[in-house]
Amino acid sequence: MASSTCPRAHLAIALFVTGLLFSSNAITVVDAYPRNGGGGGDLRPQFLYPQNAARAAMGLPPLRWDEGVASYARSYAESRRGDCALVHSSGPYGENLFWGSGGDGGWTPAQAVGAWLAERPRYDYWSNRCSGGMCGHYTQIVWRGSTRVGCAMVNCYNGRGTFITCNYDPPGNYVGMRPY
């Protein structure tokens, strides 16, 4: 999440969209073999650590980084670089998508994952429903059957923002089924 001391916090807008409530896809994008601008190092920990902490809190095993899934995420993120549109890939994986506005590319994987995990209070396990907003990004992260993840992030052309995606295998968010 953007810090309140950051001057662009008032200008930045983060959108995250779920295709259908409890669909196998949710929206956000990042560079496949995630490196920050080529010199910022390996971004995989920013994707994995917060997701695996949320899974551990629910007694679930950690997600493992999968290069095949990451390659798919990279390819799709690259295809969205021109428009930064939050459109699901309709691929074989569960999918969380994120878009952050601003031309400086200051968004991070940790901020995208944080936005998805912030949906947790909206998920009611007993009714297996979202209350007061979206929660499908969160439920995909903690979907017991999903064991592998690959993510990617791109800065879109013409200052259109940052697009981040994580893909999950096997996919989750099946209607009528609880995530854990």
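The values are calculated or read from the model by the stated rules, or taken from the named source; none is laboratory data. This one's a predicted model, so the numbers in the text were calculated from it and none came from an experiment. All Cβ positions, glycine included, derive from the backbone under ideal geometry; neighbour counts span all protein chains shown.
For the stretch 67-102, filtering for residues that are surrounded by fewer than 23 Cβ atoms within 10 Å (Cβ to Cβ), assigned to a helix (DSSP H, G or I) and of a type in the set (Gly, Ala, Ser) leaves 4.
On the given criteria, is Ala56 surrounded by fewer than 15 Cβ atoms within 10 Å (Cβ to Cβ) and in a helix (DSSP H, G or I)? When the stated conditions are applied, Ala56 passes them.
Taken together, the residues in the stretch 110-125 that are touching a strand residue (DSSP E or B) at 6+ places or on another chain (Cβ under 6 Å) and within 15 Å of Leu43 (Cβ to Cβ) amount to 1. Of all the residues in the stretch 128-139, those that are out of contact with any Pro (no Cβ under 8 Å at 6 or more places or on another chain) and surrounded by 17 or more Cβ atoms within 10 Å (Cβ to Cβ) number 6.
Looking at this structure, is Pro45 modelled with pLDDT of 55 or more, surrounded by fewer than 18 Cβ atoms within 10 Å (Cβ to Cβ) and part of a loop (DSSP other than H, G, I, E, B)?
On the way: modelled with pLDDT of 55 or more: yes; surrounded by fewer than 18 Cβ atoms within 10 Å (Cβ to Cβ): yes; part of a loop (DSSP other than H, G, I, E, B): no.
Against the criterion (modelled with pLDDT of 55 or more, surrounded by fewer than 18 Cβ atoms within 10 Å (Cβ to Cβ) and part of a loop (DSSP other than H, G, I, E, B)), Pro45 does not qualify.
Restricted to the stretch 112-127, and to residues there that are touching a helix residue (DSSP H, G or I) at 6+ places or on another chain (Cβ under 9 Å) and outside any helix (DSSP H, G or I), the residue that is surrounded by the most Cβ atoms within 10 Å (Cβ to Cβ) is Glu119.
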